[in-house]
Amino acid sequence: MAGNSSYQKKTMAAKQHLLIISIALLISFCQCDPDTLQDFCIAELKNQPFINGFPCKSPKDVTSDDFFFAGLAQEKDTDNILGSNLTAGNVLSFPGLNTLSMSMNRVDFAPGGINPPHSHPRAAELVFVMRGCLLVGFVATDGKFFSKTLKAGEVFVIPKGLIHFQYNVGKKTATAITSFNSQLPGVVIAANTLFGSTPEIPTGVLTKAFRVDDKLINEIKSKFGN
Ligand SMILES: *[C@@H]1O[C@H](CO)[C@@H](O)[C@H](O)[C@H]1NC(C)=O
């Protein structure tokens, strides 16, 4: 009798184990863009049926140019309020990335320039410093701040969805190449999202959240077009 119930317990435990593994696998399968079912699927950006991603250009019309993107070769003008300028190499600018779960940006920085605190809802990010010196950091969900000062050739990884930034702490211009495990990582820029949304978030929400008065919230809103 005792032997039998311990056998039952063991099979129960084994079944639970299997269930947990299946759930974990299922979750891990859902954590990147959907897998591709053919060699490629060059995005047809215009002809929409609206689906999760983009339909494919007819394979007979695909050429080598569909797999090529020169957009990251050029340095961009950083003479603006943030002292940085981003070039996006995602599925919208580079349709060959459609269904391939990856994309790559370039960010140029003036000395003192920043890529302001933001997050990517659909991707983790690798930050590769091509030249110059960048302070790169993110805050985990428990409030812990992780950061590192990177020089040319070094890499930092930003886990998916966490707020992060890059800051040129060097005396010269800097350039980062960032890569993502999504064809379209999406971006939520903290300041613009909270203070520059359309329509506006009610000021009362922001005064309570930031523990300051209306005047200060309205002043910040005015800097983001509200
Ligand atoms: C980024 O650079 C391009 C080309 O150098 C320029 O046209 C654009 O205005 C710049 N954007 C900002 C925000 O400075």
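The values are calculated or read from the model by the stated rules, or taken from the named source; none is laboratory data. Note that the coordinates shown come from a computational prediction; the quantities given were computed from them, not determined experimentally. Positions of Cβ are generated from backbone atoms using ideal geometry, with glycine treated the same way; all protein chains shown enter the neighbour counts. For the accessible areas, the whole protein counts, side chains as well, though only heavy atoms, and no ligand, DNA or RNA atoms are used. Shrake-Rupley method; radii C 1.70, N 1.55, O 1.52, S 1.80 Å.
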Determine if segment 75-85 includes at least one residue that is farther than 29 Å from ASN192 by Cβ, of a type in the set (Gly, Ala, Ser) and either touching a Gly at 6+ places or on another chain (Cβ under 7 Å) or assigned to a loop (DSSP other than H, G, I, E, B) (or both). no
Reported set for segment 142-183 where residues are outside any strand (DSSP E or B), under 17 Å from ALA123 (Cα atoms) and open to solvent by 50 Å² or more (accessible area, probe 1.4 Å) is PRO159, LYS160, ILE163, ASN181
Per the filter on segment 83-125, residues farther than 20 Å from LEU162 by Cβ and within 13 Å of the ligand (Cβ to nearest atom) are GLY83, ASN85, THR87, ARG106, ASP108, PHE109, ALA110, GLY113
Looking at segment 70-96 only, could you name the residues that are open to solvent by less than 80 Å² (accessible area, probe 1.4 Å), touching a residue at least 60 places away in the same chain (Cβ under 8 Å) and over 16 Å from the mean Cα position of the chain (by Cα)? LEU72, THR78, GLY83, SER84
Of residues in segment 185-226 being in contact with a strand residue (DSSP E or B) (Cβ under 7 Å, 6 or more places away or on another chain) and in a loop (DSSP other than H, G, I, E, B), the one most open to solvent (accessible area, probe 1.4 Å): VAL187
